[in-house]
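The values are calculated or read from the model by the stated rules, or taken from the named source; none is laboratory data. Bear in mind the structure is a predicted one, so any value in this text is a computation, not a measurement. Here the Cβ positions follow ideal geometry from the backbone for every residue, glycine too, while neighbour counts run over all protein chains shown. Keep in mind that these areas ignore ligands, DNA and RNA; they rest on the heavy atoms of the full protein, side chains included. Shrake-Rupley method; radii C 1.70, N 1.55, O 1.52, S 1.80 Å.
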Amino acid sequence: MSLSATKDIRNPIQLYRDCLRLVDYVSIKQGNRETLRQQVRATFEANRNLSDPEAIEKAKEAAVRGLSNFFVHEAQALAKEGQGKKE
């Protein structure tokens, strides 16, 4: 993604909240809420002092990519479940 294409990517606070919401959703199935929340928190804390605009955009892209990857994985799992029920 180019720098200009990422202008519409959510701001870091919104991404952080989205990641925490995703953790809450995932932890319902896996039961490891605090561990996942600590990982998200640590990642965002590690990037807190970024000042280079390109580095900030890369970190934001990585967060969005992580969220997207999870949703793709979930959609594939649901599709497989749906195929198994039809047979």
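If you go through the range 60-87 one residue at a time, how many are of a type in the set (A, V, I, L, M, F, W, C) and over 11 Å from the mean Cα position of the chain (by Cα)?
Selection size over the range 60-87: 5.
Can you tell me which residue in the range 24-72 is most open to solvent (accessible area, probe 1.4 Å), limited to those that are among the aromatic types (Phe, Trp, Tyr) and closer than 20 Å to residue 11 by Cα?
71
Is there a residue in the range 22-35 that is of a type in the set (Val, Ile, Thr), modelled with pLDDT under 85 and over 12 Å from the mean Cα position of the chain (by Cα)?
Yes, the range 22-35 has at least one match.
Name the single residue, out of those in the range 4-13 being more than 14 Å from residue 68 (Cα to Cα) and surrounded by 12 or more Cβ atoms within 10 Å (Cβ to Cβ), that is modelled with the highest pLDDT.
Across the range 4-13, the extreme among qualifying residues is 12.
Mind checking whether some residue in the range 73-87 is open to solvent by 60 Å² or more (accessible area, probe 1.4 Å), at pLDDT 85 or above and outside any helix (DSSP H, G or I)?
no
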